[in-house]
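Engineer: One structure follows; several queries about it will come next.
The values are calculated or read from the model by the stated rules, or taken from the named source; none is laboratory data. Keep in mind that this is a model prediction, so the values were computed, not measured. Surface accessibility is based on the protein's heavy atoms, side chains included, excluding ligands, DNA and RNA. Shrake-Rupley method; radii C 1.70, N 1.55, O 1.52, S 1.80 Å.
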Amino acid sequence: MARTETVTLTNMCMIYNGERVLVQDRLDEGWGGITFPGGHVEKGESFTDAVIREIYEETGLVIAAPRLCGIKDWQEEDGSRYIVFFYKTDRFSGELQSSGEGEVFWVDLEKLPDMKMASGMNEMLRVFLEDGFSEMYLDEEHERWILK
């Protein structure tokens, strides 16, 4: 059994200011709707540097001290693994601006469930917000997401 596999590394960050969170209304046809901003980790880039860069590119904000709070992962059809590192921070500066990924704006955290969120975002919120969960994993056999 091989101990290595091809992996796609990405990130997502919940930026909060009191009870408000920064969201992105993603325009992606494959995975659109309200989510937190983020993106891909580039080859040779640290995970922390990647989330700081991606947040700047998608929101115009410079974040500081992003804290890893969980992951989401699954196997792709080609057998490769896809991993999303979940971060959160309340330390940021700069002027908010949207990007080609979608509009970004602040919303009260309690209003998120009433919005048209991206697929799986309800479960992802639990990993971001509840200390009892650190992983969201796709059980392929039963075609469902499991919180661990």
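Engineer: So which of Glu58, Glu110 is of a type in the set (D, E, K, R) and farther than 18 Å from Thr10 by Cα?
Structural biologist: Selected residue: Glu110, the only one of Glu58, Glu110 that is of a type in the set (D, E, K, R) and farther than 18 Å from Thr10 by Cα.
Engineer: Mind listing whichever residues of the stretch 67-81 are open to solvent by less than 30 Å² (accessible area, probe 1.4 Å) and on the phi < 0 side of the Ramachandran plot?
Structural biologist: Cys69, Lys72, Asp73, Ser80
Engineer: Is one or more of the residues making up the stretch 91-114 on the phi > 0 side of the Ramachandran plot and open to solvent by 30 Å² or more (accessible area, probe 1.4 Å)?
Structural biologist: Yes; the residues of the stretch 91-114 include at least one that is on the phi > 0 side of the Ramachandran plot and open to solvent by 30 Å² or more (accessible area, probe 1.4 Å).
Engineer: Among Val62, Val127, Val84, Val51, which is the only one that is open to solvent by less than 40 Å² (accessible area, probe 1.4 Å) and assigned to a strand (DSSP E or B)?
Structural biologist: Answer to the check: Val84.
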